[in-house]
Amino acid sequence: MSGSRNQRIVDAKIAGCCSNMQNRLPDARARLIVADGRGRDGMDVVRQALAEELGRAVRALRRGNRSDRCIHDIRARLKHCRALLRLLRKSLGEDAYHRENARLRDAARPLVGVRDAAVLVQALDGLRRRSGGGKIYRSIRSALRQECRERRGQLHRKTLLSSAQLVGGVARYMRMLPPSQPAAADLAKAVKRAYRTCRRAMTAAEQQRSRDRLHEWRKQVKYFASQLKSLAPLMHRRLGKTYKKSIRLADCLGDDHDLALLHDKIIQHGRPGGAAVDALVHRLAQRRAKLQRKAYRRGRELFDATARRLEARVRHRLPRN
């Protein structure tokens, strides 16, 4: 009876930690972090979570499903793996970190074209809902759908297996590592580093609002949000507001990036100089300007605190060794 009662308590803690988090961690991983976080070093718990996530990515790649949803899920999983790897950066050492991070980046690279082609159709549909329909929309959408099918057809099973091999190499390396000894302070420092990198990326984007700098800002915010999500079940008090702000900011920057890519496709598949195309490009520019204003406003709210203050908050919430 006591064992059953303890299990119910653990399950209740898991539900409480995860109920308000968007894109929640799988239940098995949340159970692992809550159960082990009380008696094991936090770094070992993160490593175990990374090993499980790598295994899921390898299995998904080996299945060879090239649907838009599956490709999106694999890319998201690999991004999450890279965020977890960043938490382990000091524990791994610079050389090992850069090597394994490059493997994950190379494994995800062949999936980018399929993802972008699929999301551009969604971006065009969203712009249409805001601006009304027309022949030009149907023409560009048809071209985008055709491009999406072509990109999916070019993603061969052999390519997916090559990506699975790269991810599997990272998983094997992580399994060979001896148990780590670092304190929870190292995790807090990793979060501080990610937070500081995000803030610097925002400053660079403010100084020059180029597509590349906005995209880099978005990537860093997503890594930061992913790290907070990974550590949330391990904390006795979560940074829920900070996490939600980072997710909203990443969504804003993501929508802007998709529209930037869509702009190029409208010019490519439309008729430059035509009234309908010009009107569509104008509406797209208006939408991007609005998203960027919102992103900077949310960024200033998110990065209002100093990096050291955030580090102290994270360290205080992590279990003591």
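The values are calculated or read from the model by the stated rules, or taken from the named source; none is laboratory data. Fair warning: this is a prediction, and the values are worked out from it, not measured in the lab. Cβ: placed from backbone, ideal geometry, glycine included. Neighbour counts: every protein chain shown.
What is the number of the single condition among (1) of a type in the set (D, E, K, R); (2) surrounded by 18 or more Cβ atoms within 10 Å (Cβ to Cβ); (3) touching a Leu at 6+ places or on another chain (Cβ under 9 Å) that Asp251 does not meet?
(3)
So Val221 ticks every box in (1) part of a helix (DSSP H, G or I); (2) more than 15 Å from the chain's Cα centre (by Cα); (3) surrounded by 18 or more Cβ atoms within 10 Å (Cβ to Cβ) but one. Which box is left unticked?
Only one criterion in (1) part of a helix (DSSP H, G or I); (2) more than 15 Å from the chain's Cα centre (by Cα); (3) surrounded by 18 or more Cβ atoms within 10 Å (Cβ to Cβ) is unmet by Val221, namely (2).
When you check Leu120 against the structure, is it more than 19 Å from the chain's Cα centre (by Cα) and closer than 30 Å to Gly64 by Cα, yes or no?
No.
Can you say whether Leu214 is crowded, with 22+ Cβ neighbours inside 10 Å, in contact (Cβ under 8 Å) with a residue 40 or more places away in the chain and under 16 Å from Ser91 (Cα atoms), as far as the supplied structure shows?
Taking the combined requirement at face value, the residue does not satisfy it.
Of the conditions (1) crowded, with 18+ Cβ neighbours inside 10 Å; (2) in contact (Cβ under 8 Å) with a residue 60 or more places away in the chain; (3) closer than 23 Å to Gln220 by Cα, Cys148 fails just one. Which one is it?
(3)
State whether the residues of the stretch 125-139 include one that is in a helix (DSSP H, G or I), at pLDDT 90 or above and crowded, with 17+ Cβ neighbours inside 10 Å.
no
Kindly provide the set of residues from the stretch 172-204 that are over 19 Å from the mean Cα position of the chain (by Cα), among the hydrophobic types (A, V, I, L, M, F, W, C) and at pLDDT 95 or above, ordered by number.
Once the filter is applied, which keeps residues that are over 19 Å from the mean Cα position of the chain (by Cα), among the hydrophobic types (A, V, I, L, M, F, W, C) and at pLDDT 95 or above, the stretch 172-204 yields only Ala204.
Could you tell me how many of the residues in the stretch 106-133 are more than 30 Å from Gly169 (Cα to Cα) and touching a Leu at 6+ places or on another chain (Cβ under 8 Å)?
6
Let me spell it out: the conditions are (1) of a type in the set (Lys, Arg); (2) surrounded by fewer than 18 Cβ atoms within 10 Å (Cβ to Cβ); (3) under 28 Å from Pro178 (Cβ atoms), and Arg82 meets all of them except one. Which number is the exception?
(2)
Answer yes or no: is there a residue in the stretch 295-312 that is at pLDDT below 95, outside any helix (DSSP H, G or I) and not hydrophobic (A, V, I, L, M, F, W, C).
Scanning the stretch 295-312, I find at least one residue that is at pLDDT below 95, outside any helix (DSSP H, G or I) and not hydrophobic (A, V, I, L, M, F, W, C), so the answer is yes.
If I ask for residues that are surrounded by fewer than 21 Cβ atoms within 10 Å (Cβ to Cβ) and part of a helix (DSSP H, G or I), which ones from the stretch 93-102 would you list?
Glu94, Asp95, Ala96, Tyr97, His98, Arg99, Asn101, Ala102
Which one is farthest from Asp186 (Cα to Cα) among residues in the stretch 224-243 that are among the basic types (Lys, Arg) and assigned to a helix (DSSP H, G or I)?
Per the stated criteria, the residue is Lys241.
If I go through the stretch 262-281 residue by residue, how many of them are closer than 24 Å to Lys219 by Cβ and surrounded by fewer than 16 Cβ atoms within 10 Å (Cβ to Cβ)?
Residues that pass the stated criteria total 1.
Run down Arg109, Arg172, Arg115, Arg105 and say which single residue is crowded, with 17+ Cβ neighbours inside 10 Å, in a helix (DSSP H, G or I) and not β-branched (Val, Ile, Thr).
Going through Arg109, Arg172, Arg115, Arg105 in turn, just one is crowded, with 17+ Cβ neighbours inside 10 Å, in a helix (DSSP H, G or I) and not β-branched (Val, Ile, Thr): Arg115.
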